[in-house]
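The values are calculated or read from the model by the stated rules, or taken from the named source; none is laboratory data. Keep in mind it's a predicted model, so treat the numbers as computed, not measured. Backbone-built Cβ (ideal geometry, glycine too); neighbour counts: all protein chains shown. Remember, those area values only see protein heavy atoms, side chains included, never the ligands or the DNA or RNA. Shrake-Rupley method; radii C 1.70, N 1.55, O 1.52, S 1.80 Å.
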2 protein chains.
Amino acid sequence: MWQLSTKGRYGTRIMYQLAMKYGNGPMLLKEIAANENLPLKYLEHIIPILKKHKLVISTRGPQGGYQLFKDPKDISIKMIIEALEGDIAPTSCVESPQVCEKNTTCKSRKIWAIVDEKIKETLKNITLHDMIEDNMENSLCKNIVL
Amino acid sequence: MWQLSTKGRYGTRIMYQLAMKYGNGPMLLKEIAANENLPLKYLEHIIPILKKHKLVISTRGPQGGYQLFKDPKDISIKMIIEALEGDIAPTSCVESPQVCEKNTTCKSRKIWAIVDEKIKETLKNITLHDMIEDNMENSLCKNIVL
DNA sequence: TTTAATTCCTACCATTTTGATAGGGAATAT
DNA sequence: ATATTCCCTATCAAAATGGTAGGAATTAAA
Ligand code: FES
Ligand code: FES
């Protein structure tokens, strides 16, 4: 299946948890892991990527934890996925035409460029705020499969 | 990068070659491999999948080769990618909600379902005919990267 | 009926990616 | 001081990826 890796999937869930707590101080990664039923030690590998891309900020020591870097309205799913999975593109030649000498006429590339644009447009138009704006009860995902 | 595998990418190029020759008898896989500068022995693994999904038909022996199963107008990129990469879906819970007990309320799932739908819509609306309808000169892709 | 062409099938393999676990170091609020 | 929390590095098993190799089966044509 053409699926996102756990980086993208778990990472989105981390961001969702942080979005729900936005404005109420830092949240423990341990708490996020518990809420989402994901392995803490693995999330410790994912969250530094989000930090590097200025999507979260961290506070060390007691009472520390993580918070969103900015308002959930200003964080799109596209930003999250691009941070975690790298550039979005069905083929590498969409983003880097130089990998192919025939790039100006290649029919495949034309197709993938269209698909690429649609995906990006979609991801760009969904923010964390959109995710949390409807009722939040029972929204936790207890399953490890996603 | 969130990229298609070589199955999806090479496979699309195989289908493109066959589409260009549609109505003119079988085409050798060797010829396809040469045109697209792809390893023949590897394409021999990919094309049976296309055959199994009724996208191509084969003729054995001399003067044999492969042909499209139906008109390029009736073959969408979605069919090709789904045959080769399996179901398209950013997460498995989009196609199989039962993997998660919270699927009716899971906010992540809602997001991925929207993205999934957009991708499928896009891929469904591009056919092999669309790929070949403009000029065909210099359209071969000599680079192995795509 | 031989021969050559072509698809088809199975096995194997090296490398990379994925999805973690483990242990401890650094910073800091109390 | 101490407990808490993030941070960093190493390691690793399993799976996926992207092939290569060899030959069997089928068949058109000489
Ligand atoms: S491989 Fe995409 S432009 Fe040629
Ligand atoms: S993991 Fe997607 S529905 Fe819960």
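Points to keep in mind about this one:
For (1) within 14 Å of another protein chain (Cβ to nearest Cβ); (2) modelled with pLDDT under 95; (3) open to solvent by 70 Å² or more (accessible area, probe 1.4 Å), each residue gets a yes or a no:
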site	(1), (2), (3)
B:Trp2	yes, yes, no
B:Asn37	yes, yes, yes
B:Leu40	no, no, no
B:Ile75	yes, no, no
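- Criterion (within 30 Å of A:Glu36 (Cα to Cα), in contact with a Phe, Trp or Tyr (Cβ under 9 Å, 6 or more places away or on another chain) and of a type in the set (Val, Ile, Thr)) met by exactly one of B:Ile88, B:Ile75: B:Ile88
- Among the residues of region A:66-84, at least one is within 10 Å of DNA strand D (Cβ to nearest atom) and of a type outside the set (S, T, N, Q).
- Residue ID - nearest to B:Arg13 (Cα to Cα), chosen from residues in region B:85-106 that are at pLDDT 85 or above and open to solvent by less than 10 Å² (accessible area, probe 1.4 Å): B:Ile88
- Region A:3-28, residues that are in a loop (DSSP other than H, G, I, E, B), within 15 Å of ligand 2 (Cβ to nearest atom) and not hydroxyl-bearing (Ser, Thr, Tyr): A:Gln3, A:Leu4
- Any chance A:Ile32 is of a type in the set (Val, Ile, Thr) and under 12 Å from the mean Cα position of the chain (by Cα): no
- Exclusive hit being within 15 Å of ligand 2 (Cβ to nearest atom), of a type outside the set (Gly, Ala, Ser) and at the interface with chain A (Cβ under 7 Å from one of its Cβ atoms), set B:Thr91, B:Thr104: B:Thr91
- Residue pairs whose Cβ atoms lie under 7 Å apart, separated by 6 or more positions or on different chains, with the first residue in region B:80-106 and in contact (Cβ under 8 Å) with a residue 24 or more places away in the chain and the second among the basic types (Lys, Arg) and within 13 Å of DNA strand D (Cβ to nearest atom), are B:Leu84/B:Lys7; B:Glu85/B:Lys7.
- Meets criteria (at pLDDT 85 or above, touching a strand residue (DSSP E or B) at 6+ places or on another chain (Cβ under 8 Å) and away from ligand 2 (no atom under 16 Å from the Cβ)) for B:Ile132: no
- Region B:115-125 - residue that is within 10 Å of chain A (Cβ to nearest Cβ) and surrounded by fewer than 18 Cβ atoms within 10 Å (Cβ to Cβ) and, of those, nearest to the chain's Cα centre (by Cα): B:Asn125
- Among residues of region B:59-69 being open to solvent by 40 Å² or more (accessible area, probe 1.4 Å) and touching a residue at least 12 places away in the same chain (Cβ under 8 Å), the one that is farthest from DNA strand C (Cβ to nearest atom) is B:Phe69.
- Tallying residues that are of a type outside the set (D, E, K, R), open to solvent by 10 Å² or more (accessible area, probe 1.4 Å) and closer than 22 Å to B:Ile111 by Cβ within region A:7-26 yields 4.
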